[in-house]
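Nothing in this text is a laboratory measurement; each read-out follows from the coordinates by a stated rule. Nothing here was measured: the structure is a model prediction, and the numbers come from that model. Cβ: placed from backbone, ideal geometry, glycine included. Neighbour counts: every protein chain shown.
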Amino acid sequence: MSGTVAHTAPAPGVWREFFRSPAAIVALATFSGFCLVALFAPWIAPQNPYDLAQVDIMDSLLPPGSESWTGAPYHLGTDGQGRDMLSAMIYGIRISLLVGLVSGVIALAVGTVVGLVAAYRGGWVDTILMRIVDLQLSFPTILVALILLVILGRGVDKIIFALVVVQWAYFARTVRGVALVESVREYVDAAKGLRLGHLRILFGHILPNCLPTMLVVATMQMAAAISLEATLSFLGLGLPPTRPSLGLLIANGFDYLQSGRYWISVLPGLVLLAIIVSANVLGDRMRDTLNPHL
Amino acid sequence: MTEFIVKRLLQALLVLAVMTVLVFFGVNVIGNPVYIFASSECDQPCLDAIIKDLGLDRPIWEQYWVFIGNLLQGDLGNSFTHGVPAMSLIWQRLPATLELAFCALVIALTVGLPLGVAAGLRPTHWTSRVIMGFSMIAFSVPIFWIGLIMIIVFSVSLGWMPAVGRGDTVDILGVDLSLFTLDGLHHLAMPAFTLSLIMMAMVIRLTRAGMREVLFSDYIKFARANGIRERRILTLHVMRNILIPIVTVLGMEFGGVIAFAVVVESIFSWPGVGKMLIDAIAVLDRPLIVAYLIFVVIMFVTLNLITDIIYSLLDPRVRLGGNSS
């Protein structure tokens, strides 16, 4: 780790460097756009797709651009139950992003504490914690998540739990790696010389210097979590049908695919694609500008 | 060497033990299988009889020992829905899954390696950017989505490819394989390609990274200084060194491929073990679910073990205790 940038709070130059890539600007705009849509879903969506009073089975399976029999437009068509696809997708974005964000933040918190403690304490604590991390990482994420959800059943809390379980080890290993480098630097020696408490050194001095790396890993992991949630929901293992994420919407449309009613699956899929790719491009770009040698 | 293998073997057994505990207690403590057997007019004595019959009246530890005892004899109980031993169902479905996974592996290597080499040789060329972009998309986009698009394009719109099922099979040494019939290959192409994408992306990245590292090493400089032809340097000196991480990662990822096969098999209605699991979950066929999970864990731990051993044979530094982290 030789970068001078990574050890300070992002300097103005970092932002300028970040925006030098057109792809990064597009990705940032796309991703923030979806975040805004998720945040203001109830005010943006033309109808509440889960309020049965607003959904009419008479309007089921209408292609994009058609109108309901009462004259309301369905810009993106309707699904098998007559729900407006646009509204269903807006709410789906909300749930997908929520699951990805919440699981990412919890996993980040757990992984950070484990990684910091392992790096700072060293010795047998480090050995045991890292053995657990190695073991966890030796299993493919989808396998672990699959086993957990088969056991736990469906639910927002359950999928978040499963995603935390498969993600925390990545954060722990990354944070430990950075913290190991940081903990032998002069400023840590200086802090120790001032007889500051362990917790203060760990969280007040070492942690802030790990933040750029954590930000990059968190962005990438969030994209992976959203993708994994969509996959599990598609298999009918993730979220319950009452809280359809993008993955579940795609699964619903899968039944109509063979009959040429492509929009029910393809449109939520395109949104999912845009979210995941933009998050990955963002993460890539942040890694390049913050240069944390990942 | 022996010490290394024994140590790894013990580690693998420990992981297996932990996983059986997790799966057994997970599936058996949560939920009550009695109600699957009981009809609606089943009264308390009838329920008790079912509980006794399933051995659920005994302490959970005792149940676990019975389960382990049966497991060691290869008996994982009868499937609720099929009424036959769960293991026999898995053996029956496994060739289809393995065939799919094997083809995916072959596709990933035959496409991924050359692309990775090309990207590594000329990292700033526009072809490299396209290759790396493709690798990022293949790696990050959920494969069920890619499978779906392939069905829409090649089956529904163009009508070139069958969207569901496995084609004709031929009996080879007692195993039904579709790899050797035209119809079979026709059915196999889309699912195998879909499944191969993640591995392909990984092969491309690893090959490129390996190329960048190895090409600047001293022994390549010396090989070039000796006037050895570029082609020979690539195939002999470079390839040999970048294959080590690729073998390891692919070995470890093969378990992941079996897990991802669940997704691909569901999309393409491929009659393998993954599709079986999803069907079993839908009807709460607990013995079949447990059998599948235990089977996958055993297979995965074994694969990890074999990869570790092969790796240590290829690269002696590993068994000499050099911890990479």
- Message: Compute the angle between helix B:182-215 and the longest alpha-carbon principal axis of chain B, please, reported from 0 to 90 degrees and rounded to the nearest 10.
- Response: 50
- Item | In sequence order, calculated HN-Hα J values of segment B:154-160 (Karplus, 6.51, -1.76, 1.60; Hz; x Gly/Pro) | 8, 9, 6, 7, 8, x, 7
- Tensor-based shape of segment A:89-147 (alpha-carbon gyration tensor, a/c under 1.5 rounded, otherwise prolate or oblate): oblate
- What FRET efficiency do you get for B:THR302 and B:THR181 if R0 is 45 Å and r is their Cβ-Cβ distance, rounded to the nearest 0.05? 0.90
- Task: Once you've got the GNM for chain B with C-alpha springs shorter than 10 Å, pick whichever of B:LEU109, B:LEU313, B:LEU284 has the biggest mean-square fluctuation.
- Result: B:LEU313
- Shielding by other protein chains, A:222-234, mean Cβ within 10 Å: 3
- Query: List the lysines whose alpha-carbon lies under 27 Å from that of B:LYS275, not counting same-chain residues fewer than 8 positions away?
  - Reply: A:LYS158
- Taking Rh as the Kirkwood radius, which is the inverse of the mean 1/r over Cα pairs, what is the Rg/Rh value for segment B:86-314? 1.03
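For the residues B:THR124, A:THR141, B:THR181, what sequence is obtained by ranking on other C-beta atoms within 10 Å, fewest first?
Values: B:THR124 6, A:THR141 21, B:THR181 15.
Least to most surrounded, the residues fall as B:THR124, B:THR181, A:THR141.
For B:LEU158 and B:HIS125, calculate 0.36 nm times their separation in residues minus their Cα-Cα distance, and state this gained length in nm to one decimal. Numbers along the way, then the final one.
On the way: separation 33, 0.36 × 33 = 11.88 nm, distance 3.41 nm.
My answer for the length gained is 8.5 nm.
Where does each of B:ILE298, A:ILE90 land when they are ranked from fewest to most other beta-carbon atoms within 10 angstrom? All intermediate terms of the calculation are to be shown ahead of the outcome.
Working: B:ILE298 15, A:ILE90 23.
The order, fewest Cβ neighbours first, is B:ILE298, A:ILE90.
Run the numbers for B:ASN70 and B:GLU41: contour at 0.36 nm per residue of separation, minus the present Cα-Cα distance, in nm. List each step's numbers first, then the result.
Values: separation 29, 0.36 × 29 = 10.44 nm, distance 3.22 nm.
Contour length minus the Cα-Cα distance gives 7.2 nm.
Within 10 Å of each Cβ of B:252-259, how many other protein chain Cβ atoms are there on average?
4
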- Message: What would the Debye equation give as log₁₀ I(q)/I(0) for segment B:182-325 at q = 0.18, 0.22 Å⁻¹, counting only Cα atoms as equal point scatterers?
- Response: -1.10, -1.30
- Note on the structure: Between the modelled labels at B:PHE222 and B:LEU243 (7 Å from Cα along Cα→Cβ) the distance in nm is 2.1
- Note on the structure: For the pair A:ILE128 and A:ARG195, the simple spin-label estimate (label points 7 Å beyond Cα toward Cβ) gives in nm 3.0
- What order do you get for A:PHE139, B:PHE216 when you list them from fewest to most C-beta neighbours inside 10 Å? B:PHE216, A:PHE139
- Task: Amide H neighbours of A:THR78 under 5 Å, at least 5 residues apart or on other chains, H built in the peptide plane: list them.
- Result: A:LEU61, A:LEU62, A:MET85
- Message: Using a 4.7 Å cut-off between beta carbons, which cysteines in chain B end up with no partner cysteine at all?
- Response: B:CYS103
- Task: For B:ASN78, enumerate residues with amide H under 5 Å from its amide H, sequence gap 5+ or separate chain, H modeled in the peptide plane.
- Result: B:ALA86
- Item | Helix axis angle, B:126-140 relative to chain B longest principal axis, alpha carbon, degrees | 10
- In whole Å, what is the distance between the alpha-carbon centres of segment B:190-213 and segment A:183-251? 26
- A correct Karplus calculation of ³J(HN,Hα) over segment B:273-280, with 6.51 cos²θ - 1.76 cosθ + 1.60, θ = phi - 60°, whole Hz and x for Gly and Pro, returns 5, x, 4, 4, 4, 4, 4, 5
- Cα-based helix-to-principal-axis angle, B:86-121 vs chain B, degrees rounded to 10: 20
- Message: Would the protein assembly as shown count as rounded, prolate or oblate if I go by the C-alpha gyration tensor, calling it rounded below 1.5 in a/c and otherwise prolate when a/b exceeds b/c, oblate otherwise?
- Response: rounded
- Note on the structure: Farthest towards the positive end of the dipole of chain B, among B:CYS103, B:LEU250, B:PHE134 and with Cβ unit charges of +1 on Lys and Arg and -1 on Asp and Glu, lies the Cα of B:PHE134
- Query: Regarding segment A:184-294, what whole-number volume in Å³ per residue does the convex hull of its Cα atoms give?
  - Reply: 130
- segment A:270-278 - phi-based ³J(HN,Hα) in whole Hz, Karplus 6.51/-1.76/1.60, Gly and Pro as x: 5, 5, 4, 4, 4, 4, 5, 5, 5
